[in-house]
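Asks: Can you read through this structure? Questions will come right after.
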Amino acid sequence: MTSLIAYAALEPTCWKNGAGSTIEIATAPKGAGFDDFDWRVSLATIAQDGPFSVFPGIERTLALVEGAGMTLDIEGHSRFRLSDEHPVLEFAGESVVKASLNGGATTDFNVMTRRARCHHRLGRRTLAGSSEFAPRGDVTLLFLADGESLSVSSEVERLGMVRFDALLFDPGTVWTLETDRATVFIVDIFFNT
């Protein structure tokens, strides 16, 4: 069953260090904490420089949603500038990462999967007009990162999205996406067999 996750209904949680806040979009199993989730998708606002939390056994993907982005020092020997030119970064959750803002607060989309149980792929797509969409993962999440609205319809269902809303799909249905202009993130999650 397709589930609309309305951004307006989600509550932010402040970080303990006060450097930002996180809004959990979806997690599995439902209600799982940081130690026992299979996968987790969230939206984070980072307000000041500082370290990332360490998540052993987790694969992470970070995608810039708005703001000037940040420079990430990973394990002290790799540096990556998350920006409009390079908006997506994949890294291991056990890596020690320090973030330095590139000029003010930044909002980022975060996908985490527990390596022993599943893996993910994040795609970024710009839409205009009408296009077809077929979920490919065992679980697929579509996030409206930019744009005022997006209509998502199948032969039996029609859903409307506004910015920062997400849709959680079951596999097997082909959908039509309609918008004047939008940027979406598509997260496909595959369970290990």
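The values are calculated or read from the model by the stated rules, or taken from the named source; none is laboratory data. Since the structure is predicted, the reported quantities are computational estimates derived from the model, not experimental observations. Methodologically, a virtual Cβ is constructed for each residue, glycine included, from the backbone with ideal geometry; neighbour enumeration extends over all protein chains shown. Note: areas computed on protein heavy atoms with side chains; ligands, DNA, RNA excluded. Shrake-Rupley method; radii C 1.70, N 1.55, O 1.52, S 1.80 Å.
Asks: Could you please report the charge total around ARG79, scoring K, R as +1 and D, E as -1 over all other residues with beta-carbon less than 11 angstrom from its beta-carbon?
Replies: 0
Asks: What is the ratio of the Cα radius of gyration of the chain to 2.2 N^0.38 Å, where N is its residue count, to two decimals?
Replies: In units of the 2.2 N^0.38 Å rule of thumb, it is 1.01.
Asks: For the chain, what is the charge dipole size about the Cα centre, in debye to the nearest 20, if Lys and Arg each add +1 at the Cβ and Asp and Glu each add -1 at the Cβ?
Replies: It works out to roughly 320 debye.
Asks: Taking loop as defined by DSSP and a crowding limit of 14 other beta carbons within 10 Å, which GluC sites (Glu not before Pro) in the stretch 113-155 fit?
Replies: GLU148, GLU155
Asks: Any idea how far apart SER53 and VAL88 come out in nm if each label point goes 7 Å out from Cα toward Cβ?
Replies: 2.4 nm
Asks: Relative contact order (percent) for the chain, with alpha-carbon contacts under 8 angstrom and 6 or more residues of separation?
Replies: That works out to 23 percent.
Asks: Mind checking which of ALA68, VAL96, ALA6 is farthest towards the positive end of the chain's charge dipole, using Cβ charges of +1 (Lys, Arg) and -1 (Asp, Glu) about the Cα centre?
Replies: Toward the positive end, the furthest listed residue is VAL96.
Asks: Using θ = phi - 60° and the Karplus relation 6.51 cos²θ - 1.76 cosθ + 1.60, list the HN-Hα couplings for the stretch 158-163 in order, rounded to whole Hz, with x at every Gly or Pro.
Replies: For the stretch 158-163, the Karplus curve yields 9, 10, x, 10, 10, 3 Hz.
Asks: Still on this structure, I have one more. Please report, in cubic angstrom per residue, the volume enclosed by the convex hull of the alpha-carbon atoms of the stretch 119-191.
Replies: 71 Å³
Asks: May I pose another question? Mind ranking 23-32, 43-52, 133-142 by how tightly packed they are, going by the mean number of other C-beta atoms within 10 angstrom, highest first?
Replies: 133-142, 43-52, 23-32
Asks: Based on the alpha-carbon set only, what is the convex hull volume of the stretch 1-69 divided per residue, in Å³?
Replies: Taking the convex hull of the Cα positions in the stretch 1-69, it is 128 Å³ per residue.
Asks: I'm a student and want to see the number: the projected area of the Cα convex hull of the stretch 11-116, averaged over all directions, in nm².
Replies: In nm², the orientation-averaged hull projection of the stretch 11-116 is 6.3.
Asks: Considering only the other residues whose Cβ falls under 15 Å of the Cβ of ILE189, what net charge follows from Lys and Arg at +1 and Asp and Glu at -1?
Replies: Cβ neighbours under 15 Å give a net charge of +2.
Asks: Using only the heavy atoms of the protein chains and a 1.4 Å probe, how would GLU90, GLU66 rank by accessible area, largest first?
Replies: Sorted by accessible area, descending: GLU90, GLU66.
Asks: Can you put THR193, THR106, THR22, THR173 in order of accessible area, largest first, using a 1.4 Å probe?
Replies: THR193, THR173, THR22, THR106
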